[in-house]
Amino acid sequence: MSIKLILYIITVPLSLIGLDSLLVENKFKKNHVFQAKILIFLLTLALSYLVVNFLYDIYLNSNFI
């Protein structure tokens with residue numbers, strides 16, 4: 001299994017938990033909770049992508065390989 005896949009498996013739930021604590025639903029119109037949840041999901045994927053690439057670059061550039 002690839003190290004990137006393992007990092008994604010770790011970071012997606014962590015970023016979802018972190019972003020779920022935000023009250024994004026208050027910023028949307030009433031009865032548009034589904035759109036707010038889609039936004040949270042897309043932000044979760046984007047944040048996970050950035051974190052995984054950051055950690056993978058650190059892994060590749062470390063002297064411990």
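Of everything in region 1-26 that is surrounded by 14 or more Cβ atoms within 10 Å (Cβ to Cβ) and either in contact with a Pro (Cβ under 9 Å, 6 or more places away or on another chain) or of a type in the set (Ser, Thr, Tyr) (or both), the residue that is farthest from residue 59 (Cα to Cα) is 15. Scanning region 38-65 for residues that are modelled with pLDDT under 90 and surrounded by 14 or more Cβ atoms within 10 Å (Cβ to Cβ) turns up 39, 40. Taking the stated definitions as given, is residue 20 among the acidic types (Asp, Glu) and either modelled with pLDDT of 90 or more or in contact with a helix residue (DSSP H, G or I) (Cβ under 6 Å, 6 or more places away or on another chain) (or both)? The answer is no for residue 20. Within region 16-27, residues that are over 16 Å from residue 46 (Cβ atoms) reach partners that are open to solvent by less than 100 Å² (accessible area, probe 1.4 Å) and in a helix (DSSP H, G or I) with beta carbons closer than 7 Å, at six or more positions or on different chains, in the pairs 25/33; 25/36.
Evaluated against (1) part of a loop (DSSP other than H, G, I, E, B); (2) touching a Ser or Thr at 6+ places or on another chain (Cβ under 7 Å), residue 63 falls short on exactly one condition, (2).
The values are calculated or read from the model by the stated rules, or taken from the named source; none is laboratory data. For clarity, every value in this text was computed on a predicted model and none was experimentally measured. Cβ sites come from the backbone with ideal geometry, for glycine too, and all protein chains shown count toward neighbours. What goes into the accessible areas is simple: the full protein's heavy atoms, side chains included, and nothing from ligands, DNA or RNA. Shrake-Rupley method; radii C 1.70, N 1.55, O 1.52, S 1.80 Å.
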